[in-house]
Amino acid sequence: MVYLSRLKVILIGLALISMVFGAPNVLAAVPGAHILFRLDTDQVKSRRLEAMRDQVRTLLRDAEPRINYSGLVVSGLTVQLRIGDPVQIEAAKAALKAVVDPIAGKEGPVQEFALDDSERGLLKFTMTDAGAKYRTYAALTQSIEVIKNRLNELGVADPAVQLTDDGILVQAPGVADLHSLAHTLARQGRLSFQLVDTSTPVNDAVNGQAPAGSTVLYTQDDPPVPYLVEDRVLVSGESVLGAEAIRDSSTEQFVVAFRLDSKGTQRFKWATTRNIGRPFAVILDDQVISAPIIREPIEHGTVQISGNFTAESARELALLFRTGALPARLTIVEEAR
């Protein structure tokens, strides 16, 4: 006869319960300090649909002869518009053929959008399941690369980043402040330069009267200051080549200085030349960092951003600009040691 101690009986019982009902936290077995992130897939799809809407607008604007349309909107997973002149319907479909052509996926061609033209004059481009899956996988892959770049820039020793069924798992056994690391890795870092809309008083826009094509955004101040900003992005963070935190010799304040690539430099010059006297909003993750007035054309590709930064916050922003923006929001699901 085999005799078992009370402790062994309890341990065996717990093991059987775990086998039957499943472990309450599958990450409990992950050794060392780790962070689990989950990608906002809804935001991935919404941003792709917004980009698709802008692509449709550009293709129809550049068509010869120009094609007139109305009602270009994103509705659910569909981008739709109406062609008023029946004579131009086929020309519009031809101009927009590129958006329904298959794209190269990892396992073969993927049709990202399907066209429904059953209602005369109404063109509806709906994201397919395969298209959503393709964009989600691409966003996950890009997020992992951005996280790896940030870990490398921060000098984190022996990190590991992998995609699991639960999300993106980051192991950083040598990090003392895991919470700060998690928030730095999760910051989107989406930089853009957009014009401030001065056609409507900002207080009217806050009360629900914002004109089409503009959005109310706020600063990080306490209390936050509202700005009515045009939705059109003139220069984005994708044009940033390098960034560093420095102290401005004239103000003694910390600023973030960076260079733009040739495309960004030309866009910056074009925008500042045509909008002298207007405020130009510097936006990071949907918050207005600053909104200086354009005094003269900025023809070089070197830019400085100020915003009451501390040395630490300026260094973090420079890090985000150097390593690139995340394609969508990351939620911190778990931090554990």
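The condition of being modelled with pLDDT of 95 or more and either under 28 Å from residue 264 (Cβ atoms) or among the acidic types (Asp, Glu) (or both) holds for residue 186. Applying the condition of being surrounded by fewer than 17 Cβ atoms within 10 Å (Cβ to Cβ) and not charged (D, E, K, R) to the range 109-120 and asking which residue is farthest from residue 67 (Cα to Cα) yields 109.
Just one of (1) farther than 25 Å from residue 53 by Cβ; (2) part of a strand (DSSP E or B); (3) in contact (Cβ under 8 Å) with a residue 24 or more places away in the chain fails for residue 163. It is (3). For the range 62-108, a tally of residues being in contact with a Phe, Trp or Tyr (Cβ under 8 Å, 6 or more places away or on another chain) and either farther than 25 Å from residue 134 by Cβ or open to solvent by less than 70 Å² (accessible area, probe 1.4 Å) (or both) returns 13. Of note, residue 215 does not satisfy the criterion of being in a helix (DSSP H, G or I) and at pLDDT 90 or above. Within the range 249-307, the only residue that satisfies the criterion of being of a type in the set (D, E, K, R), at pLDDT below 90 and in contact with a Phe, Trp or Tyr (Cβ under 9 Å, 6 or more places away or on another chain) is 299. For residue 239, the test of being small (Gly, Ala, Ser) and under 18 Å from residue 317 (Cβ atoms) is passed. Select from the range 225-252 the residues that are in contact (Cβ under 8 Å) with a residue 24 or more places away in the chain, more than 22 Å from residue 300 (Cα to Cα), exposed (fewer than 15 other Cβ atoms within 10 Å of the Cβ) and more than 21 Å from the chain's Cα centre (by Cα) and list them in ascending order. Answer for the range 225-252, where residues must be in contact (Cβ under 8 Å) with a residue 24 or more places away in the chain, more than 22 Å from residue 300 (Cα to Cα), exposed (fewer than 15 other Cβ atoms within 10 Å of the Cβ) and more than 21 Å from the chain's Cα centre (by Cα): just 225.
Restricting attention to the range 50-61, the residues being within 24 Å of residue 326 (Cα to Cα) and open to solvent by 30 Å² or more (accessible area, probe 1.4 Å) number 5. The criterion of at least 2 residues that are small (Gly, Ala, Ser) is met, among strands (runs of 3 or more DSSP E) falling completely within the range 231-296, by 240-247. Just so you know, in the range 30-49 the residues that are part of a helix (DSSP H, G or I) and open to solvent by less than 80 Å² (accessible area, probe 1.4 Å) include one that is nearest to residue 94 (Cα to Cα), and it is 49.
The values are calculated or read from the model by the stated rules, or taken from the named source; none is laboratory data. Since this is a predicted model, take the numbers as computed values, not measurements. Note that we place each Cβ from the backbone using ideal geometry, even for glycine, and neighbour counts take in every protein chain shown. Please note that ligands, DNA and RNA were not included when accessible areas were found on the heavy atoms of the full protein model with its side chains. Shrake-Rupley method; radii C 1.70, N 1.55, O 1.52, S 1.80 Å.
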